[in-house]
1. Take the alpha carbon gyration tensor of the stretch 129-242, find the square roots of its eigenvalues, order them as a ≥ b ≥ c, and report rounded if a/c is under 1.5; if not, report prolate when a/b exceeds b/c, else oblate.
2. Hey, got the Cα dimensions of the stretch 81-192 along the principal axes, in Å, largest first?
3. Grab the chain and count how many Lys pairs have their alpha-carbon atoms under 22 Å apart, sequence gap of 8 or more, or different chains.
4. On the first, second and third principal axes, largest extent first, how far apart are the outermost C-alpha atoms of the stretch 49-135 in Å?
5. Cα atoms only: what Rg and Dmax, in Å, come out for the stretch 109-162?
6. Could you give me the radius of gyration and the Dmax of the stretch 150-216, taking only the C-alpha atoms into account and expressing both in angstrom?
7. How large is the helix-only mean residue ellipticity at 222 nm for the chain, computed as the sum of -39500 (n - 2.57) over DSSP H runs with n ≥ 4, divided by its residue count, in deg cm²/dmol to the nearest 500?
8. Would you be so kind as to identify which of ILE9, LEU162, GLN107 lies farthest towards the positive end of the dipole of the chain, taking Lys and Arg as +1 and Asp and Glu as -1 on Cβ and the Cα centre as origin?
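The values are calculated or read from the model by the stated rules, or taken from the named source; none is laboratory data. All of these numbers come straight from a predicted model, not from anything done at the bench. No Cβ is skipped: glycine too gets one built from the backbone with ideal geometry, and neighbour counts run over all protein chains shown. The protein model used for the area step is the full one, side chains on, heavy atoms only, and it has no ligands, DNA or RNA in it. Shrake-Rupley method; radii C 1.70, N 1.55, O 1.52, S 1.80 Å.
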Amino acid sequence: ASSVSADDIDRQARELYKQGQFLAARLIWQEQAQHYAEQQNGLAQASVLSNLCLAYQQLGQWADAEIALSKSLHLLNSKGDTPAKLAAMAQALSASGSLNLAMGSPQTALEDWRQAEAIYGRLGDQHGQTRSQINRAQALRELGFYRQSLALLSDTYDRTVLQPDAPFKNTVLLRLGDMLRLSGQLEQSQEVLMRSLTLAQHNNQPADLSATLLQLGHLAIQQGDIAAADDFYTQAKMQWTPDVQAASPEQ
């Protein structure tokens, strides 16, 4: 028997996903889903299928993503609300929101993430709540509700900024900076984005660094500083790694 636990294998897959190695992560999750199906462990299978759905999305395999999600939700469609079942349901709803947004249904995505956030609230999972709020803000933005999106991000920022190890702190800063820019609040946008840049450099996070430099480039163009924009874009290209923060796989 192998000494490597299922948790270790899943952790490895999630690490590969975060590094942008989506195909490698997909292969591991496919094997795990099959393994849990054979064991008739529906809950673990549903959880892995949600992650598999995200990997398929990143690879542009939309039909496969829909099938994985549909299977996950079907497995969770049973009586009883244990914490483990609720956590798996929130995870499936998060994956569903991501898929619906990518497929051009931001209103459905918004509802998915609203439900996921409510479940995470019941479970006392602050990490999940924060991620759901960031995602909801993105859906609101896609729907053209800039003011609501900005208000939600500002609220999320106010609650996370004082926590040193708050999850997705830089993602909140990035999205907030971007929404401030789109709302024409350029000075505030620059202030928030510079904070994001400092944090990304301090934490040595190339994906966040690249995304922040890109936003600063967009901001410089809006401010009419083409030379600065060009410089930011060049730096961003040098740093580039996939941005997978918002749609991150879960345990």
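1. Values: a/c = 1.83, a/b = 1.22, b/c = 1.49.
Taking the square roots of the gyration eigenvalues as a ≥ b ≥ c, the stretch 129-242 is oblate.
2. Largest to smallest, the principal-axis extents are 47, 35, 16 Å.
3. Details: LYS18/LYS169; LYS18/LYS237; LYS71/LYS79; LYS71/LYS85.
Here the count comes out as 4.
4. 33, 27, 19
5. 10.8, 31
6. Rg then Dmax for the stretch 150-216, in Å: 10.9, 30.
7. Numbers: 12 runs with 195 residues, N = 251.
That comes out to -26000 deg cm²/dmol.
8. Value: GLN107.
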